[in-house]
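A short worksheet on the structure shown next.
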Amino acid sequence: MSADRPNIIFIFADDWGYGDLGAYGASEVKTPNLDKLAEEGTKYTQFHVTSGVCSPSRTSVITGHFPARHRVHGHFAGNKPNARRNMPNWLDENLPVYMPQLMQDAGYTTAHFGKWHLGGGGLPHGDLSAPEPKEYGYDETRVWNGNGPTWKGDQLWPTTRYMDDDSTWVHSSSRIVVDETIDFLERNKDKGAPLFVNLWLKIPTHHSGRQRSKKHLTQEWGQIRKYITECLRMLTDI
């Protein structure tokens, strides 16, 4: 890792508010590792968020534009709801430039793991005519459009959180994408190119499907904290 081209992990959690991290005054949820990042890095206290909704905020992140410029003023849903709101069915993949493409041009190996929500949802298995995330400038992707099917290469990869018949906890999508991020770092750390990876988690937004007990939700949060810690350690070691 060089000083002019550092490795970058962009952690984007779903539906976090300004005051939900310990570094910004929260006390209910403990976020010691993120608090340490804020302490040792740059902490922003005055800023403007282009949207408090999923798809518009993600559009701004990868385009650098106000989302309304691309008619993305609400979350991407099914084709009919999108049409009623005068929205496209996905973010145009033919715009002049996207953030991950800029990173590729700078010599980075790029990846996106986690929630996508920039198009392809709204059907039982997503709108399969939507462009794959790789078309926006990512070398490797493992994504999902919420708690539904997930792209793995050219195949749909179902990674919804679920429980088996005896209600035993199995895993969550967030845990899977953290594992994928760690694996990406391990496989690429000695190849010479700097790394840029989006780790876009579904947590802490509300869970779907079978409702879970407080015990199971507490267990999930503990596991995610563990895996985020490991991911941050990996970045330090590279």
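The values are calculated or read from the model by the stated rules, or taken from the named source; none is laboratory data. On a predicted model such as this, the values are computed, not experimentally measured, just so you know. All Cβ positions, glycine included, derive from the backbone under ideal geometry; neighbour counts span all protein chains shown.
Take the conditions under 17 Å from the mean Cα position of the chain (by Cα) and at pLDDT below 85 and apply them to ASP14. Does it pass?
On the way: under 17 Å from the mean Cα position of the chain (by Cα): yes; at pLDDT below 85: yes.
Spelling it out, ASP14 is indeed under 17 Å from the mean Cα position of the chain (by Cα) and at pLDDT below 85.
Out of the residues in the range 1-23 meeting the condition of being touching a Lys or Arg at 6+ places or on another chain (Cβ under 8 Å) and over 18 Å from VAL178 (Cβ atoms), tell me which one is surrounded by the most Cβ atoms within 10 Å (Cβ to Cβ).
Per the criteria, the residue is GLY22.
Residues in the range 50-74 that are modelled with pLDDT under 90 and not polar (S, T, N, Q): how many? Step through it out loud before you land on a result.
Narrowing the range 50-74 to residues modelled with pLDDT under 90: 50-54.
Those still in the list that are not polar (S, T, N, Q) too: 52-54.
Qualifying residue count for the region: 3.
Within the range 14-29, is even one residue hydroxyl-bearing (Ser, Thr, Tyr), without any contact (Cβ under 8 Å) to a residue 24 or more places away in the chain and part of a loop (DSSP other than H, G, I, E, B)?
Among the residues of the range 14-29, at least one is hydroxyl-bearing (Ser, Thr, Tyr), without any contact (Cβ under 8 Å) to a residue 24 or more places away in the chain and part of a loop (DSSP other than H, G, I, E, B), which makes the answer yes.
I need every pair where a residue in the range 175-194 that is more than 15 Å from HIS112 (Cβ to Cβ) has its Cβ under 9 Å from the Cβ of a residue that is assigned to a helix (DSSP H, G or I) and at pLDDT 90 or above, sequence separation at least 6 or different chains.
PRO194/MET103
Can you tell me which residues in the range 42-63 are of a type in the set (Gly, Ala, Ser) and surrounded by 13 or more Cβ atoms within 10 Å (Cβ to Cβ)?
SER51, SER55, SER57, SER60
When you check GLY107 against the structure, is it part of a loop (DSSP other than H, G, I, E, B), touching a residue at least 60 places away in the same chain (Cβ under 8 Å) and within 24 Å of ILE182 (Cα to Cα), yes or no?
In short, yes.
Residue-by-condition table, conditions (1) over 18 Å from LEU118 (Cα atoms); (2) assigned to a loop (DSSP other than H, G, I, E, B):
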| site | (1), (2) |
| --- | --- |
| ASN33 | yes, no |
| GLU39 | yes, no |
| GLN46 | yes, yes |
| VAL49 | no, yes |
| SER55 | no, no |
| ARG58 | no, no |
| ARG69 | no, no |
